[in-house]
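The values are calculated or read from the model by the stated rules, or taken from the named source; none is laboratory data. Please read all numbers here as calculations on a predicted model, not as lab measurements. Don't worry about glycine lacking a Cβ; one is built from the backbone with ideal geometry, like all the others, and counts go over all protein chains shown.
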């Protein structure tokens, strides 16, 4: 039972034109009427102009927006104070409300109350935080889809399918003497489970891609010295981020940059040129470059179009064989592109560029095509860009897989039902029908103050 009233700034405590202070809880109206120059009636969705006062002292001229439970974001009585955006003014109003009986809110506590009051589910709650922290158009789309709750029906559909299977099995367990009542064959069970698992697997796959896009794609630039790696970094960043020189081995450490490329955020990593060397410092840089391969989401192998393919480049192609990659032929301005030999790269993504001419459009297009935007950004696609949510769905997938294997191996149906019950319960966890208070507190503590 929530019985206290919380207050916090809903906008950052910085110098700005207007600041918003949010007050939520059973005493919201009582508290505002202790400090406001007019009586705020408990009527739904009204705006009142007046002054915040500490006894006879006027603190600020404000607009009061008032909401009556349950018709508010938190599901409680809510007052939002639109005051002038000075840091001092904002903190004085908050301090005054705390003095009158409010409690300063914890980070994310307004969203937590909205969840506890059944105004939003856990997927929507996570979407609020994702929306605030979105760094590109795609992550914004994911968050908005989930916030609008347009795809919650998928989770409910999967739970209903599982419940239907569980019910059929339980009828057979409880009433074995009634043939045909709720009877479902092993063949029908496996068919339903295969179909359900395929849908769950698809969402997991899309969600993992979505998670990468949400966090920013780690793009690693690899190649021999003087193939144009640093020039490529600068062209993508549109600034002189890395030193460019005709001298081989200029880059000896990791150089990083972050850019928004339309719907994508790229975390670009430029590395030392890969070659045999006796220079100890350069060796360290080359070792660091190879170590970066494991954490890269996408590798750009940069090759000088005007040179023969070297043993060092062939080694890089071997080292990155299991990574998502694009073969980037730079300095295309120095040769006739039609004479470029590409026989060794038949099944590869290839981009022909000229960094000196800032001609990298084919590479940008290849990067875009590496991610399934059409499928990811459909309004009815469920993309869970949160590790905990993806982990829960992977557990659901495993329980369904176990149930399938047990049926195929002729295990008793009551053993099959144990896994199905677990999968059904975890889908409830995903939308917050079952939750642990400690996990809930940890989750919302990551939110902004006032959210």
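Please work out if residue 274 is in contact with a helix residue (DSSP H, G or I) (Cβ under 9 Å, 6 or more places away or on another chain), buried (at least 18 other Cβ atoms within 10 Å of the Cβ), within 20 Å of residue 324 (Cβ to Cβ) and modelled with pLDDT under 75. Answer is yes for this residue.
Of the residues in the range 379-386, at least one is more than 18 Å from residue 208 (Cβ to Cβ) and either part of a helix (DSSP H, G or I) or in contact with a helix residue (DSSP H, G or I) (Cβ under 7 Å, 6 or more places away or on another chain) (or both). Scanning the range 353-369 for residues that are crowded, with 18+ Cβ neighbours inside 10 Å and not in a helix (DSSP H, G or I) returns 353, 354, 360.
With the structure loaded, tell me whether residue 191 is out of contact with any strand residue (DSSP E or B) (no Cβ under 6 Å at 6 or more places or on another chain), at pLDDT 85 or above and surrounded by fewer than 16 Cβ atoms within 10 Å (Cβ to Cβ) or whether it fails that test. Yes. Taken over the range 324-340, the criterion of being at pLDDT below 85 and not in a loop (DSSP other than H, G, I, E, B) is satisfied by 337, 338, 339.
Taking the stated definitions as given, is residue 104 over 35 Å from the mean Cα position of the chain (by Cα) and surrounded by fewer than 22 Cβ atoms within 10 Å (Cβ to Cβ)? Answer is no for this residue. Of all residues in the range 82-124, those satisfying the criterion of being part of a helix (DSSP H, G or I) and touching a strand residue (DSSP E or B) at 6+ places or on another chain (Cβ under 7 Å) are 89, 90, 92, 93, 94, 96, 97, 98, 109, 110, 113. Please tell me if residue 117 is over 14 Å from residue 451 (Cβ atoms) and in contact with a helix residue (DSSP H, G or I) (Cβ under 8 Å, 6 or more places away or on another chain). It is false that residue 117 is over 14 Å from residue 451 (Cβ atoms) and in contact with a helix residue (DSSP H, G or I) (Cβ under 8 Å, 6 or more places away or on another chain). Residue-level check: of (1) touching a strand residue (DSSP E or B) at 6+ places or on another chain (Cβ under 8 Å); (2) under 21 Å from residue 347 (Cα atoms); (3) at pLDDT 85 or above, residue 321 misses just (1).
In summary, residue 181 fulfils each of the numbered conditions (1) surrounded by fewer than 17 Cβ atoms within 10 Å (Cβ to Cβ); (2) at pLDDT 90 or above; (3) touching a helix residue (DSSP H, G or I) at 6+ places or on another chain (Cβ under 7 Å) with the single exception of condition (2).
Counting just the residues of the range 394-435 that are touching a helix residue (DSSP H, G or I) at 6+ places or on another chain (Cβ under 9 Å) and not in a helix (DSSP H, G or I), which one comes out nearest to residue 123 (Cα to Cα)? Looking at residues that are touching a helix residue (DSSP H, G or I) at 6+ places or on another chain (Cβ under 9 Å) and not in a helix (DSSP H, G or I), I get 432. Total residues in the range 418-439 satisfying the condition of being surrounded by fewer than 19 Cβ atoms within 10 Å (Cβ to Cβ), farther than 17 Å from residue 157 by Cβ and at pLDDT 90 or above: the figure is 3.
Could you say whether any residue in the range 49-57 is buried (at least 20 other Cβ atoms within 10 Å of the Cβ) and either part of a loop (DSSP other than H, G, I, E, B) or modelled with pLDDT of 95 or more (or both)?
The answer is yes; a qualifying residue exists.
Of everything in the range 440-451 that is part of a loop (DSSP other than H, G, I, E, B) and surrounded by fewer than 16 Cβ atoms within 10 Å (Cβ to Cβ), the residue that is farthest from the chain's Cα centre (by Cα) is 445.
When the residues of the range 125-155 are filtered to those that are assigned to a loop (DSSP other than H, G, I, E, B) and surrounded by 17 or more Cβ atoms within 10 Å (Cβ to Cβ), which remaining residue is modelled with the lowest pLDDT?
First, pick out the residues of the range 125-155 that are assigned to a loop (DSSP other than H, G, I, E, B): 134-136, 148-151.
Adding the requirement that they be surrounded by 17 or more Cβ atoms within 10 Å (Cβ to Cβ) leaves 134, 136, 151.
On the way: 134: 82, 136: 80, 151: 68.
Here the residue is 151.
Note on the range 1-40: residues that are farther than 19 Å from residue 89 by Cα and either free of Cβ contacts under 8 Å to residues at least 12 places away in the same chain or in a helix (DSSP H, G or I) (or both) total 5.
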